[in-house]
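A short write-up of the structure that comes next.
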Amino acid sequence: RLRSSSAEEDMDPKIKDLVDQIASLSLLEAAQLTDALKERLGISDAMMMPAAGAVPAAGATPPPAAEEAAAPEKTAFSVKLEKFDPASKIKVIKEVRALTGLGLKEAKELVENAPKEIKADVKKEEAEELKEKLEAAGGTVVIE
């Protein structure tokens, strides 16, 4: 506690206010903030994956009751490209690039290695929209 208070003294008031506001968010609000920042800053989920050694250090496993409570109301979905029409390969690659912000090489590899997850932890509406766009380009998509 002592360290944080001395760090707060050197902190810009604007930053301190942001830290206070973020610390007061509920878990759902914090998740929404994370999603919004990832979208605004163009950060992909692959960039957010921790190194394998960091995973155990992240903390204890949540209690089973928390998992059971969260399971019925699924709010985050994954959009997965199952396969694509070979004649529409270029269209699908272009659509994947547009939707994910990936470079040409990365988008091409992702499409060619289907089935692959295109986007994870998106809201149902966004997942449906992504599915529509990818299917219009010639892809076969599932939402999980």
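The values are calculated or read from the model by the stated rules, or taken from the named source; none is laboratory data. Everything quoted here is computed from the prediction, not taken from an experiment. All Cβ positions, even for glycine, are placed from backbone atoms using ideal geometry, and neighbour counts span all protein chains on display. Heavy atoms of the whole protein, side chains included, go into the accessibility calculation; ligands, DNA and RNA do not. Shrake-Rupley method; radii C 1.70, N 1.55, O 1.52, S 1.80 Å.
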In the range 101-125, what count of residues is obtained for those that are touching a residue at least 12 places away in the same chain (Cβ under 8 Å) and more than 17 Å from LYS83 (Cα to Cα)? 7
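Listed here are the residues, each with its yes/no results for (1) of a type outside the set (A, V, I, L, M, F, W, C); (2) at pLDDT 90 or above.
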site: PRO62; (1), (2): yes, no
site: ILE90; (1), (2): no, yes
site: GLY101; (1), (2): yes, no
site: ALA114; (1), (2): no, no
Between GLU106, GLU125, which is farther than 17 Å from LYS38 by Cα and touching a helix residue (DSSP H, G or I) at 6+ places or on another chain (Cβ under 9 Å)? GLU106
Within the range 82-123, the residues that are open to solvent by 90 Å² or more (accessible area, probe 1.4 Å), in a helix (DSSP H, G or I) and farther than 20 Å from GLY42 by Cα are PRO86, ALA87, ILE90, LYS91
Considering only residues that are over 24 Å from ALA36 (Cα atoms) and among the basic types (Lys, Arg), look in the range 1-25 and name the one that is modelled with the highest pLDDT. ARG3
What are the residue pairs meeting all of these: first residue in the range 19-41, first residue over 26 Å from GLU9 (Cβ atoms), second residue part of a helix (DSSP H, G or I) and open to solvent by less than 60 Å² (accessible area, probe 1.4 Å), Cβ atoms under 9 Å, and 6 or more apart or on different chains? LYS38/ASP45
Exactly one condition in (1) modelled with pLDDT of 90 or more; (2) open to solvent by 60 Å² or more (accessible area, probe 1.4 Å) is not met by LYS74; state its number. (1)
